[in-house]
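Enquirer: Please read through the structure below; I'll follow up with questions.
The values are calculated or read from the model by the stated rules, or taken from the named source; none is laboratory data. Treat the numbers as computed from the prediction; the structure is a model and nothing was measured. Cβ sites come from the backbone with ideal geometry, for glycine too, and all protein chains shown count toward neighbours. Heads up: the accessible areas ignore ligands, DNA and RNA and are worked out on the full protein's heavy atoms, side chains in. Shrake-Rupley method; radii C 1.70, N 1.55, O 1.52, S 1.80 Å.
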Amino acid sequence: MPSWSRRRLLAAIGAVGLAGGGWYLAERPHCRPRREPRWTYRGEHWGPVIPNQRTLLLPEGYGVTGGSQYRLAAVDRNTGQARWSVVAEGGGFGVPTRHDGTVYVGTGRDTVRALDAETGARRWAYEAGGREEYGGGAWGAPLVAADRIYVGISHSMDPDADPTDGTAYTHRVVALDPGDGTELWATDVSRMVWAGPAWVDGTVVAASRGGMLYGFDPATGGVRFEFSLPGGVKAPLSTVGEEFVSLLTEDGTVGYVDVPDATLRRTQSLVRETTASEWSGDTLYVGGKDGLVVAVAADSDRVRWEYDLGTPVDGIAADPDVGVVAVDRTGRLHRFTEEGSRESHVRIVERPSGDRCGWPGDVRRVTDATLDRGTLYVSGRTWTRRFPVSGG
């Protein structure tokens, strides 16, 4: 409540002879109870939670270059205790991928590591050779396909390269030998591949943040197609059926690409500035800075439902057994039915100070949300937390 309104309210209360108890009754009902996390794992700049059989992979320093040490931790699902963790110097960790007992992950130091999934012991490390202090890195989830590891990576030979100048860096998609990390091929692209490649109909497909879509021959790295997209791409690419890939641009447009024909079949504007997204089954859920949560069918332009939260959406997660949840910028968790009705909402952050019931909503503090086995994991700037999602 704005301060001037509070002063008027207090003056009115005083005029009718009410004491502090009246203020309590007037203010407190506006604050919904807080849902307590089952556990909290603390750190800085957490990336998306990657669930595994018994553990969760938590990348710290996601998107951060330069600075301190950051961890990749394998955390017990139930207790939130680390079973193992490894450290990166001068840059954080990208989104990890686990495959056949190995975790593959990029770093902000322009490297890709292969780690033993049970112990975290390093099996090999690939280095792009960058010398820059800031910028660059390998942030998207590595793709494991056709007996190779495919990953987007950027680096610069200039120690003082400007991280805001994409042309100061070399941006590539590389194929690595899964056994020892040997570079099998490397193909230049126009800008950083933030979200990681996808495998579609025998083609390695990658999108750059500058708005170019590429299709690569998985054996040679030869470019099968490239064309410009209607906006930069940051969200992961997703396969739709056997031959289509969907992409979500930063301005809130979803596009569908026929990979064999290298054709952008259709686009659809959903929100103003994409802030969160999730595929579940045959539905794409998108959240925007304008506060909209939109559910759209994968096989058509039909919007199944939309809901206006009135404040930016910073996390969306979906699970067939739970439904759809969204975390807004004030720190509230919203749960939706399949038809798009909001069936509950609850505060999941501390009451920071003063009279606010949550965050003020001016800064993004939640970076991702993941639903797995009926449990919600929320990544934030200073913690990763596990929340129950059942109930009011």
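Enquirer: Tell me, please, whether a residue that is hydrophobic (A, V, I, L, M, F, W, C) and open to solvent by 40 Å² or more (accessible area, probe 1.4 Å) can be found in region 198-209.
Expert: yes
Enquirer: Which of the strands (runs of 3 or more DSSP E) contained wholly in region 60-174 include at least 1 residues that are of a type in the set (Lys, Arg)?
Expert: Filter on region 60-174 gives 65-76, 82-91, 97-99, 111-116, 122-127, 148-155.
Enquirer: Hey, can you tell me all the residues within region 296-325 that are open to solvent by 30 Å² or more (accessible area, probe 1.4 Å), assigned to a strand (DSSP E or B) and of a type outside the set (Asp, Glu)?
Expert: 303, 304, 307
Each row is one residue, and each column tells you yes or no for (1) within 27 Å of residue 71 (Cα to Cα); (2) part of a loop (DSSP other than H, G, I, E, B); (3) within 21 Å of the chain's Cα centre (by Cα); (4) touching a residue at least 40 places away in the same chain (Cβ under 8 Å).
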| position | (1), (2), (3), (4) |
| --- | --- |
| 294 | no, no, yes, no |
| 327 | yes, no, yes, yes |
| 343 | no, no, no, no |
| 350 | yes, yes, no, yes |
| 361 | no, yes, yes, yes |
| 364 | yes, yes, yes, yes |
| 368 | yes, no, yes, yes |
| 379 | yes, no, yes, yes |
| 384 | yes, no, yes, yes |
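Enquirer: Can you give me the number of residues within region 106-133 that are in contact with an Asp or Glu (Cβ under 8 Å, 6 or more places away or on another chain), of a type in the set (Gly, Ala, Ser) and open to solvent by 30 Å² or more (accessible area, probe 1.4 Å)?
Expert: Qualifying residue count for the region: 1.
Enquirer: Which one is farthest from residue 100 (Cα to Cα), of the residues in region 179-200 that are assigned to a loop (DSSP other than H, G, I, E, B) and more than 25 Å from the chain's Cα centre (by Cα)?
Expert: That would be 182.
Enquirer: Also: With respect to residue 169, is the statement that it is crowded, with 18+ Cβ neighbours inside 10 Å, of a type in the set (Phe, Trp, Tyr), modelled with pLDDT of 95 or more and farther than 25 Å from residue 98 by Cβ true?
Expert: So residue 169 fits the description; yes.
Enquirer: Sort through 187, 203 and tell me the only one that's modelled with pLDDT of 95 or more and either farther than 19 Å from residue 136 by Cα or of a type in the set (A, V, I, L, M, F, W, C) (or both).
Expert: 203
Enquirer: Inspect region 134-148 for any residue being of a type outside the set (Gly, Ala, Ser), surrounded by fewer than 23 Cβ atoms within 10 Å (Cβ to Cβ) and within 15 Å of residue 111 (Cα to Cα) and give the result as yes or no.
Expert: yes
Enquirer: Okay, moving on. Evaluate region 211-222: report whether one residue or more is among the charged types (D, E, K, R) and open to solvent by less than 70 Å² (accessible area, probe 1.4 Å).
Expert: yes
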